[in-house]
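S.K.: Dropping a structure here in structure tokens format, bear with me for questions.
The values are calculated or read from the model by the stated rules, or taken from the named source; none is laboratory data. Keep in mind it's a predicted model, so treat the numbers as computed, not measured. Here Cβ is always computed from backbone atoms with ideal geometry, including for glycine, and neighbour counts include all displayed protein chains. Note: accessible area is taken over every heavy atom of the protein model, side chains too, but ligands, DNA and RNA are not part of it. Shrake-Rupley method; radii C 1.70, N 1.55, O 1.52, S 1.80 Å.
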Amino acid sequence: MTAIDTAGLKTMFDAIAVAIEADKDRLCQLDGVIGDADHGIAMVLGFGAVRDALAALDLSAIEPTALLNTAAKSFLNAVGASSGPLYATAFMRAAVAVKGKVTLADADLVAMFQAMAQGIRDRGKAEIGEKTMVDAWQPAAEAAAAAHAAGKTLAESLEAALEAAKRGAEATKDMIAVKGRSSRLGERSLGHIDPGAASAVTVIGAMRKGLA
């Protein structure tokens, strides 16, 4: 059984910031094909701002909810692009999911993960099959929940989530974008992975590494 406190969540966000920085150029290249070529930059700005904001907190004095709300606010302030409100909503929903908890057990972390995915889906008003980050996040959340319900460890549940996210992102190649800037391309968006789904895989992989 895992027990993650605010310091553990900060470690998770630090891992995401490192992973996104390393993936920035690839994400910008993916976005250059069907968007404005700035998705990697936006994600680096967002998670860099989160990392810096969390570094200034007294982790011994706050609960996970306060840390997650700080992450939401700092990401939104740093990123004006569409990913700003999406990830800010994800972190705010995560904060609600663990409200009142000082340390987070496996079930709490899986619930947090599910809340993030649902927040992104709700804020973006997106469904599976519309070539967005929801195509990675939703199957990942479902896989994590199913693995946890089957008695798997947190590491195993997050590994299942990551594999589902990878499959979901890869599947966006065969979709026509109907949301966001890439929707202007119509059928020309076929054959290309959605950059938001690609970055979701990077984020989920870093969460697995940071938490488990």
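S.K.: Between the helical axis of 83-97 and the dominant principal axis of the chain, each derived from Cα atoms, what acute angle in degrees is found, rounded to the nearest 10?
M.R.: The answer is roughly 30 degrees.
S.K.: Which order do you get for 174, 25, 122 if you rank them by accessible area with a 1.4 Å probe, largest at the top?
M.R.: 174, 25, 122
S.K.: Report, in degrees rounded to the nearest 10, the 0 to 90 angle that the Cα long axis of helix 6-34 makes with the longest principal axis of the chain.
M.R.: 0 degrees
S.K.: Quick check: from the Cα gyration tensor, does the range 71-144 come out rounded (a/c under 1.5), prolate or oblate? List each step's numbers first, then the result.
M.R.: Values: a/c = 2.73, a/b = 1.20, b/c = 2.28.
Oblate is the answer for the range 71-144, as a/c is 1.5 or above yet b/c matches or exceeds a/b.
S.K.: For the range 194-202, what does the Karplus curve 6.51 cos²θ - 1.76 cosθ + 1.60, with θ = phi - 60°, yield as ³J(HN,Hα) per residue in whole Hz, taken in order and with x for Gly and Pro?
M.R.: These are the phi-based 3J(HN,Hα) values: 5, x, x, 5, 5, 5, 4, 4, 5 Hz.
S.K.: Heads up, I need the accessible area for residue 59: 1.4 angstrom probe, whole protein in place, Å², nearest 10.
M.R.: 40 Å²
S.K.: Looking only at 88, 78, 55, which one moves most when the chain is put into a Gaussian network model with springs between Cα atoms under 10 Å?
M.R.: The residue that fluctuates most here is 55.
S.K.: How far is it, in nm, from the label point at residue 102 to the one at residue 155 when both lie 7 Å from their Cα along the line to the Cβ?
M.R.: Those two pseudo-labels are separated by 2.7 nm.
S.K.: Mind checking which aspartates and glutamates have their C-alpha under 20 Å from residue 152, skipping anything on the same chain fewer than 8 residues away?
M.R.: Residue 152 reaches 106, 108, 142, 163.
S.K.: Going by alpha carbons, how many degrees (0 to 90, nearest 10) lie between the helix axis of 106-124 and the longest principal axis of the chain?
M.R.: Roughly 40 degrees between the two axes.
S.K.: Using modelled backbone amide H atoms (1.01 Å from N, in-plane), which distant-in-sequence or interchain residues come within less than 5 Å of residue 104's amide H?
M.R.: Placed amide hydrogens put 4, 5 under 5 Å from residue 104.
S.K.: Still on this structure: So what's the net charge close to residue 42: Lys and Arg +1, Asp and Glu -1, counting the other residues with Cβ under 11 Å from its Cβ?
M.R.: Local net charge: -2.
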